Amino acid sequence: MRILHWHVHGSWSTAFVHGPHTYLVPVTPDRGADGLGRARTFPWPEQAVEVAPAALADEQVDLVVLQRPHELELAERWLGRRPGRDLPAIYVEHNTPRADVPNSRHPMADRPGITVVHVTAFNQLFWDCGRTPTVVIEHGIVDPGERYSGELPRVGVVVNEPVRRGRVTGTDLLPRFARQAPLDVFGMGVEQLPPQPGMATFEDLPQARMHAELARRRVYLHPIRWTSLGLSLLEAMHLGMPVVALATTEAAEAVPPEAGVVSTRVERLEEALRAFLADPELARHAGRAARAAARRRYSLDRFLADWDQLTKEVTG
């Protein structure tokens, strides 16, 4: 099967293109948001093929996988065919609703010929998709391997654009956590964070290096208030890190009790950070449980099998 899909979310796309199909990935000269092409910080398999927009009209496309509302018009303009009418289409909803919760109307609600895939059950619960068919396909992770050493008594956090996203990503909580434990923040745009005692930043490291550095930290902190489910959390669990997380959106489903501490009480999370930093064996034990849980629920094989089944159903 030949599937058109934009490179929007790096870790999700990396998992997606490991499937058994050919993945047509738009690329533009500037490699902008609508033409990022193949990943350049993580090796993608050969079946992910870059295609210029001008060449798409002549390509055989069996399925369009949309991830942003404007891609519906973009696909019709580039292909000369209307997704959902002239060829099968799936819309992947990566995000929690941002307004009028819980009455949020999904942009694909009541769209004929389109199936909406939610990456978490939380998303499916909170988005109103009307008569549009919906299904949940949970994340899958390319396993980075059990790399945890926890040798540094510091806390690791991964967040992209924390200044712009603010309270959504719990940025306002970082100084408070940094007063309890040394904090290392990884991701894009973290160098824009105001300097804080006890907090260091690591700007946009290549994924392999970030995983290696993260695994040296004693514990992983997930301070996110309102995003779907951070893939960095699942990657940290795969690394074998114990987790301390806000019990918001899907985190309480993803992190079992034996893998760390999940709570809406910030004081409880502060206590957990101090406990893991003080007791390396406690941290290692929770980290092993986190890795086992992540491999059971968020394996790449399960993810690809779910997607293969859905693509067969949608394309007939």
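The values are calculated or read from the model by the stated rules, or taken from the named source; none is laboratory data. Note that the structure is a prediction, hence the values are computed from the model and not measured. So basically every Cβ, Gly included, is an ideal-geometry build from the backbone, and we count neighbours across all protein chains shown. The protein model used for the area step is the full one, side chains on, heavy atoms only, and it has no ligands, DNA or RNA in it. Shrake-Rupley method; radii C 1.70, N 1.55, O 1.52, S 1.80 Å.
Could you tell me which residue of segment 193-227 is modelled with the highest pLDDT, considering only residues that are of a type in the set (F, W, Y) and under 30 Å from W127 (Cα atoms)?
Y220
Could you run through segment 157-204 and say how many residues are charged (D, E, K, R), in a loop (DSSP other than H, G, I, E, B) and farther than 22 Å from L229 by Cα?
Filtering segment 157-204 for residues charged (D, E, K, R) gives 161, 164-165, 167, 172, 176, 179, 184, 191, 203-204.
Cutting the leftovers down to in a loop (DSSP other than H, G, I, E, B) gives us 161, 179, 204.
Retained after the next criterion (residues that are farther than 22 Å from L229 by Cα): 179.
Residues that pass the stated criteria total 1.
Just to confirm my filter: which strands (runs of 3 or more DSSP E) fall fully inside segment 1-120 and include at least 2 residues that are of a type in the set (V, I, T) and open to solvent by less than 20 Å² (accessible area, probe 1.4 Å)? Explain how you work it out, then say what you get.
On the way: elements: 2-5, 22-26, 48-51, 63-66, 89-93, 114-118.
Result: 63-66, 89-93, 114-118.
Could we say that D301 is open to solvent by 40 Å² or more (accessible area, probe 1.4 Å), within 26 Å of A39 (Cβ to Cβ) and out of contact with any Asp or Glu (no Cβ under 6 Å at 6 or more places or on another chain) here?
Yes.
If G166 passes every condition in (1) surrounded by fewer than 16 Cβ atoms within 10 Å (Cβ to Cβ); (2) more than 23 Å from A212 (Cα to Cα); (3) touching a residue at least 40 places away in the same chain (Cβ under 8 Å); (4) of a type in the set (G, A, S) but one, which one does it miss?
So G166 meets the others, but not (3).
Which pairs have Cβ atoms under 7 Å, sit 6 or more apart or on different chains, and link a residue in segment 275-286 that is of a type in the set (A, V, I, L, M) to one that is exposed (fewer than 14 other Cβ atoms within 10 Å of the Cβ)?
Close Cβ pairs satisfying both conditions: A286/E258.
Any idea which residue in segment 237-278 is most open to solvent (accessible area, probe 1.4 Å), counting only those that are of a type in the set (V, I, T) and touching a helix residue (DSSP H, G or I) at 6+ places or on another chain (Cβ under 8 Å)?
V262
Any residue that is at pLDDT 95 or above, open to solvent by 30 Å² or more (accessible area, probe 1.4 Å), of a type outside the set (V, I, T) and in contact with a helix residue (DSSP H, G or I) (Cβ under 6 Å, 6 or more places away or on another chain) - is there at least one of those in segment 151-162?
Checked against the condition, which is being at pLDDT 95 or above, open to solvent by 30 Å² or more (accessible area, probe 1.4 Å), of a type outside the set (V, I, T) and in contact with a helix residue (DSSP H, G or I) (Cβ under 6 Å, 6 or more places away or on another chain), segment 151-162 yields at least one hit.
Determine whether segment 190-206 contains at least one residue that is aromatic (F, W, Y), out of contact with any Lys or Arg (no Cβ under 8 Å at 6 or more places or on another chain) and open to solvent by 10 Å² or more (accessible area, probe 1.4 Å).
Step one: of segment 190-206, the residues aromatic (F, W, Y) are 202.
Remaining after also requiring out of contact with any Lys or Arg (no Cβ under 8 Å at 6 or more places or on another chain): 202.
Checking which are open to solvent by 10 Å² or more (accessible area, probe 1.4 Å) leaves us with 202.
Yes.
Output yes when any residue across segment 80-96 is under 16 Å from L24 (Cα atoms), out of contact with any His (no Cβ under 6 Å at 6 or more places or on another chain) and of a type in the set (S, T, N, Q), and no when none is.
no
For segment 100-111, check the following and say yes or no: at least one residue is without any contact (Cβ under 8 Å) to a residue 12 or more places away in the chain and within 24 Å of R31 (Cα to Cα). Quick ask: steps written out before the conclusion?
To start, the set of residues in segment 100-111 that are without any contact (Cβ under 8 Å) to a residue 12 or more places away in the chain comprises 100.
From what is left, the residues that are within 24 Å of R31 (Cα to Cα) are none.
No, segment 100-111 contains no residue that is without any contact (Cβ under 8 Å) to a residue 12 or more places away in the chain and within 24 Å of R31 (Cα to Cα).
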